[in-house]
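Below is one structure; the comments refer to it alone.
The values are calculated or read from the model by the stated rules, or taken from the named source; none is laboratory data. Since the structure is predicted, the reported quantities are computational estimates derived from the model, not experimental observations. Cβ: placed from backbone, ideal geometry, glycine included. Neighbour counts: every protein chain shown. When the accessible area is computed, the model is the full protein with side chains, heavy atoms only, and any ligands, DNA or RNA have been set aside. Shrake-Rupley method; radii C 1.70, N 1.55, O 1.52, S 1.80 Å.
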Amino acid sequence: MSVVIDSVIKGSPADFAGIKGGDTLVSLNGNDIVDVLDYRFYQLERELKVDYISGRELKTAKIKKTEYEELGLEFETYLMDKEHSCRNKCIFCFIDQLPKGMRDTLYFKDDDSRLSFLFGNYVTLTNLTEHEIERIIKMHISPMNISIHTTNPELRCKMMNNRFAGESLEIVKRFAEAGIVINTQLVICPGINDGEELERTLKDLTELGVNAVAVVPVGLTDHREGLYPLTPFNKESAGEVLDICEKYGDECVKKFSRRIIFAADELYIKAERKLPEADYYEDFSCLENGVGLIPLLRDEFEFALENLEADSNLKRQKTIACGVSVAPYLSGLCEKLREKFPNVSVNIIPIVNDFFGHQINVTGLIVGRDLISQLKDKELGEEVLISCSMLRSGEEVFLDDVTVSEVSEILGVPVTPNDNSGEGFLNSILK
């Protein structure tokens with residue numbers, strides 16, 4: 001295997017060795033380079049024998065550099081090859097529930113073990129080759145973030161519509177035996193992998209020694225025509241899942257001095273139960289699954305507020321647009337804010353998700369057109385604050401391709417994305 005070099009960073013070790021853009025990287029210290037994991041792992045050595053093809057000639061460059069210094073090669077894509085797509089047809093897949101007509105990239109399902117390590121994506125392990133499994137173990141790539149859903153092999157095959165899905169559970173055991181840190185995710189569907197099946201899964205995973213288990217409720221949009229019939233969570237069913245999670249989490253605390261098992265904030269909200277305090281979530285290892293987001297925001301906000309001096313002269317009038325589920329919690333924080341800043345007025349407007357459906361009530365899935373339709377003709381004050389989680393990463397574009405500037409122009413006030421930290425949220429209100 002080999003990879004074409006797109007360019008070479010000027011002044012880098014590779015540049016001094018005479019390697020050029022357009023050359024083809026073959027190996028580092030005799031190790032074939034297939035993709036970004038090979039490259040990042042093998043380039044760390046202080047002494048490198050770089051085999052590459054220039055024109056039609058196989059050449060070798062011997063390079064000495066400091067440990068961990070970048071070699072200096074750049075490639076056309078970050079992964080150095082194509083992203084691995086998902087081979088499953090999960091009964092709960094959110095991408096299958098997207099409305100038609102959105103941009104093509106939103107319909108791509110990734111299931112790439114490299115993205116798990118590099119960016120924290122969750123993978124199912126159903127498309128790993130033996131070479132890739134052995135490479136992960138050899139390189140000790142850690143942590144691995146794995147979507148498990150159930151440890152019942154037959155049920156996993158059914159839920160993922162993949163006859164090999166049960167077999168891939170053995171890979172999890174191999175990773176655990178190799179000492180790789182494993183974070184797991186369970187998307188729970190009422191009547192399918194909850195109840196006794198959930199208990200079995202939690203028992204199996206804790207015995208396996210995983211680092212964390214995030215228990216997440218299935219998200220159901222209004223665009224499920226022709227898909228597997230699923231039931232949304234209600235107060236009772238969400239409460240039953242929480243009871244199981246807390247039971248096994250308490251057992252983990254006694255046995256391992258760590259909770260390990262955490263339920264998503266959305267389950268507490270649906271069950272109409274009080275969210276735990278921030279210290280319940282230990283190191284917040286499951287934030288990407290919506291686990292502990294609100295308690296962490298609350299804790300950071302209150303801590304930052306404590307360190308500010310009261311100011312009755314400061315005047316602000318702002319609007320915060322957010323998901324229906326988080327709105328009451330943000331209102332509570334703003335009440336505490338007014339104790340120190342009585343002339344700071346914040347209007348919390350929960351945005352009903354007409355685009356995806358009213359079962360979807362999280363902030364991150366709010367689109368531009370819903371913001372426009374529900375905020376126009378309202379008194380919005382100086383500014384509308386939104387969470388950056390509504391936007392495409394690194395851009396000011398909503399999931400429906402409406403831009404922040406378009407929303408701002410129609411509403412007639414600045415629309416400002418802010419980060420998801422409690423301190424950032426507080427500063428965006430007061431600035």
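Results, tabulated for the structure shown:
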| quantity | calculated |
| --- | --- |
| Magnitude of the charge dipole, region 235-322, Cβ model with Lys/Arg +1 and Asp/Glu -1, debye to 20 | 200 debye |
| Positive-end extreme of charge dipole, the chain - chosen from PHE92, LEU58, SER12 (charges on Cβ) | LEU58 |
| Region 383-398 - phi-based ³J(HN,Hα) in whole Hz, Karplus 6.51/-1.76/1.60, Gly and Pro as x | 6, 9, 9, 10, 7, 5, 5, 6, 10, 4, 3, x, 9, 9, 10, 7 |
| Whole-number D in µm²/s for region 254-365 (Stokes-Einstein; Kirkwood sum over Cα pairs; 10 °C, 1.306 mPa s) | 101 µm²/s |
| Cα-based shape type of region 229-298, given that a ≥ b ≥ c are square roots of the gyration tensor eigenvalues and the cut on a/c is 1.5 | oblate |
| With 10 Å bins from 0: P(r) over region 155-210, alpha-carbon pairs, percent | 21, 52, 26, 1 |
| Assigned charges on the beta-carbon of Lys, Arg, Asp, Glu; region 164-251 dipole about Cα centre (debye) | 260 debye |
| Equivalent ellipsoid semi-axes - Cα gyration tensor, region 1-121, angstrom | 35, 15, 12 |
| Dipole moment magnitude, nearest 20 debye, the chain about Cα centre, only Lys, Arg, Asp, Glu C-beta charged | 340 debye |
| Compactness of region 346-431, expressed as Rg and Dmax over alpha-carbon positions, Å | 12.2, 34 |
| Amide H partners (placed H, <5 Å) of GLU383, local residues excluded | THR319 |
| Selected from PRO153, PRO217, PRO229 as most flexible by GNM, with the chain as the system and alpha-carbon contacts under 10 Å | PRO229 |
| Formal net charge of residues neighbouring CYS388 (Cβ-Cβ distance under 14 Å; K, R +1; D, E -1) | -2 |
| Partner lysines for LYS59 [C-alpha distance under 19 Å; skip if fewer than 8 residues away on the same chain] | LYS20, LYS49 |
| Kirkwood Rh (inverse of mean 1/r, distinct Cα pairs), region 49-174, angstrom | 17.5 Å |
| Order of exposure, largest accessible area first, which applies to ASP299, ASP110, ASP377 with probe 1.4 Å | ASP377, ASP299, ASP110 |
| Listed pairs LYS89/LYS138; LYS247/LYS336; LYS318/LYS378; LYS173/LYS270 exceeding 23 Å between Cα atoms | LYS89/LYS138; LYS247/LYS336; LYS173/LYS270 |
| Accessible heavy-atom area order of PHE262, PHE94, highest first, probe of 1.4 Å | PHE94, PHE262 |
| ³J(HN,Hα), Karplus 6.51/-1.76/1.60, whole Hz, each residue of region 216-232, x for Gly, Pro | 10, x, 4, x, 10, 8, 8, 10, 10, 4, x, 9, 4, x, 10, 9, x |
| Counted charge near SER27, where neighbours are those whose Cβ lies closer than 10 Å (Asp, Glu -1; Lys, Arg +1) | -2 |
| Pairwise Cα inverse-distance average, inverted: Kirkwood Rh of the chain (Å) | 24.3 Å |
| Cα pair count fraction exceeding 21 Å, expressed as % - region 111-228 | 36 percent |
| Radius 13 Å from Cβ of ASN162, net charge of other residues (Lys, Arg +1; Asp, Glu -1) | +3 |
| Positive-pole candidate from GLY364, GLN43, ALA264, dipole of the chain, charges at beta carbon | GLN43 |
| Cysteines, the chain, no other Cys beta-carbon under 4.7 Å | CYS86, CYS157, CYS189, CYS245, CYS252, CYS286, CYS322, CYS334, CYS388 |
| Accessible area per residue, Å², region 283-394 with all protein chains present, probe 1.4 Å | 47 Å² |
